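Notes follow the structure.
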Amino acid sequence: MTPAIFTIGHSNHSLARFLELLRGAAIDTVIDVRSQPVSRWVPHFNRTTLERVLAEHAIAYVFLGRELGGRPQDPRLLREGKPDYAAMAQAPAFGIAVDRVIEMGNTSRVALMCAERDPLDCHRYMLIGRELAKRGQSVAHILADGTFEGQPATEQRSAAGLGPRLI
């Protein structure tokens, strides 16, 4: 079965490598789920630069970091200063944004993008991927080596305590 929704971490990839990973999955829409769409370490992933480069390669860019980002501004979504994923998953804006991702996934090949290389280190797996899977969506994570790992395999890796893949 072809995954309806992909995820990807920009990590410290060059733009060329990042575009290659997107092409390898035939992605035509990148959904940025970073709370702050900037990077100190890899500035080519700052929102304005990334948006322009993706457009040059006929890839759409959608920012949903306010609704789906891993660092909420609302203090009610924090527990002891850290994101409370259970509370975040219940927030109305989160649910509406997940619905929007599903709708986009029905008409195009989408990839949720955050910064972390391995999905185990990122809310795109721990929060968004789990919610999408609960809603019956097929989710696959694009790994740094260009292979895909389905949400169930990532769950198994997490449960086994295997930690991030060093690729």
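FYI, it's all coordinate maths here, none of it is from the lab. Since we're looking at a predicted model, the values are computed, not measured. Glycine gets a Cβ as well: all are built from the backbone with ideal geometry, and neighbour counts include every protein chain shown.
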Charge dipole of the chain about the Cα centre (unit charges at C-beta), most positive-ward option of Gln90, Phe148, Phe6: Gln90
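Taking the Cα centre of region 5-159 as origin, sum charge times position over the Cβ atoms of Lys and Arg (+1) and Asp and Glu (-1), and report the length of that vector in debye to the nearest 20. The partial results should precede the final answer.
On the way: 19 positive and 18 negative charges, 46 e Å.
Its charge dipole is roughly 220 debye.
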Sequence-distant residues sharing a close amide H with Phe63 (under 5 Å, placed H): Asp32
Distant-in-sequence amide H partners of Thr7 (H built 1.01 Å from N, under 5 Å): Leu112, Ala140, His141, Ile142
Under Karplus coefficients 6.51, -1.76 and 1.60, residue-wise ³J(HN,Hα) of region 6-15 in Hz, glycine/proline x: 10, 10, 8, x, 6, 6, 10, 4, 6, 4
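Rounded if a/c is under 1.5, else prolate if a/b is larger than b/c, else oblate: which is region 1-59, with a ≥ b ≥ c the root eigenvalues of its Cα gyration tensor?
Working: a/c = 1.71, a/b = 1.50, b/c = 1.14.
In terms of gyration-tensor shape, prolate.
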Theoretical ellipticity at 222 nm over the chain - DSSP helices of four or more residues, -39500 (n - 2.57) apiece, nearest 500: -10000 deg cm²/dmol
Top of Arg124, Arg47, Arg34 by mean-square fluctuation, Gaussian network on the chain, Cα under 10 Å: Arg47
Hull shadow area, averaged, region 5-159 [alpha-carbon convex hull, nm²]: 8.7 nm²
Residue-by-residue Karplus 3J(HN,Hα) for region 27-32, coefficients 6.51, -1.76, 1.60, Hz, glycine and proline x: 6, 10, 9, 9, 10, 7
Residues with amide H under 5 Å from that of Leu78, placed H, sequence gap 5 or more: Asp84
